[in-house]
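Everything below concerns the one structure shown next.
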Amino acid sequence: MPRLVCLLRGVNVGGKNRLAMVELRALLESRGYSGVRTFIQSGNVVFSTEESVVAADLQQAIEARFGLAIAVALRSADELERTVQANPFPEAERAKLHVGFMTAPPSPDAVAALDHARFLPEQFVVSGQDLYLHLPAGMARTKLPGYLDRALGVPTTLRNWNTVASLLELATA
C-alpha cells in the first residue's frame, strides 16, 4: 500500500497554530488512512492509503476540524526518497541542511529572478517543488527562508535534514 508523507506548515511553532499530534492522527484515521504515524510535534504525518489523496483536501479537513488554515505539502515515499537522493549539498553538515517542501512548483520566472549572492555564504537550490537550503551559520538568524518564501510566492514548509531522513525511514519501513 502506498505510503504518503504530509507536512504541515507552521504548526506548534512559537505557541501558534497549536495542534496535538494525537488529534491529527485521529483525523487521518477517520478518513480511512492506515498506519498513521506522526513524527515530532511540528506537523509531520506518515500514512498509507490506496485512495488518491490531494493536499488541498487534507488542508480543508484540518481547517474544518481544528480551525487552522495552514498549508499542507504532500509527498509520496518515492518522491521523498528522490528529494534525499537529489541533495545538492552532500558535503554539508546535516545540522546546517534544510529542505523546504513547497505546495506547488514555483514559476520559472520567479526562480530565475532569485538573487543567489544576496545571502552568501548561505546557499539554496530550487528543484521542482523542493527547496534545498545550506545555512552554514544555522537557522536561528537567517533571513534567507523569508526572502525565498516571498520571492517564490509558494507556501513552503521547512524541515531540517535529520527530520527529512527520519520521515523517509518511516515512509519506507
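Residue check: V5 meets all listed conditions (1) surrounded by fewer than 19 Cβ atoms within 10 Å (Cβ to Cβ); (2) closer than 27 Å to A140 by Cβ; (3) within 16 Å of the chain's Cα centre (by Cα) but one, namely (1). Please specify each residue of segment 53-72 satisfying the condition of being part of a helix (DSSP H, G or I) and either in contact with a helix residue (DSSP H, G or I) (Cβ under 9 Å, 6 or more places away or on another chain) or small (G, A, S) (or both). A55, A56, L58, A61, I62, A64, R65, F66, listed by residue number.
Mind listing whichever residues of segment 31-87 are out of contact with any strand residue (DSSP E or B) (no Cβ under 8 Å at 6 or more places or on another chain), touching a residue at least 12 places away in the same chain (Cβ under 8 Å), under 15 Å from R18 (Cα atoms) and among the hydrophobic types (A, V, I, L, M, F, W, C)? Those that are out of contact with any strand residue (DSSP E or B) (no Cβ under 8 Å at 6 or more places or on another chain), touching a residue at least 12 places away in the same chain (Cβ under 8 Å), under 15 Å from R18 (Cα atoms) and among the hydrophobic types (A, V, I, L, M, F, W, C): I40, F66, L68. The set of residues in segment 78-103 that are under 17 Å from L4 (Cβ atoms) and surrounded by fewer than 19 Cβ atoms within 10 Å (Cβ to Cβ) comprises D78, E79, E81, R82, V84, T103.
Is segment 157-173 home to any residue that is farther than 21 Å from R37 by Cα and assigned to a loop (DSSP other than H, G, I, E, B)? Walk me through it before giving the result.
Initially, segment 157-173 is screened for residues farther than 21 Å from R37 by Cα, giving none.
No, segment 157-173 contains no residue that is farther than 21 Å from R37 by Cα and assigned to a loop (DSSP other than H, G, I, E, B).
Restricting R150, R141, R118 to residues that are in a loop (DSSP other than H, G, I, E, B), free of Cβ contacts under 8 Å to residues at least 12 places away in the same chain and more than 25 Å from T38 (Cα to Cα) narrows the list to R141. Each residue in segment 18-50 was checked for being assigned to a loop (DSSP other than H, G, I, E, B) and either buried (at least 18 other Cβ atoms within 10 Å of the Cβ) or of a type in the set (F, W, Y) (or both), and 4 of them qualify.
Where a number appears in this text, it was derived from the coordinates with a stated rule and is not lab data. Keep in mind it's a predicted model, so treat the numbers as computed, not measured. Because the Cβ atoms are built from the backbone with ideal geometry, glycine has one as well, and the counts that use them run over all protein chains shown.
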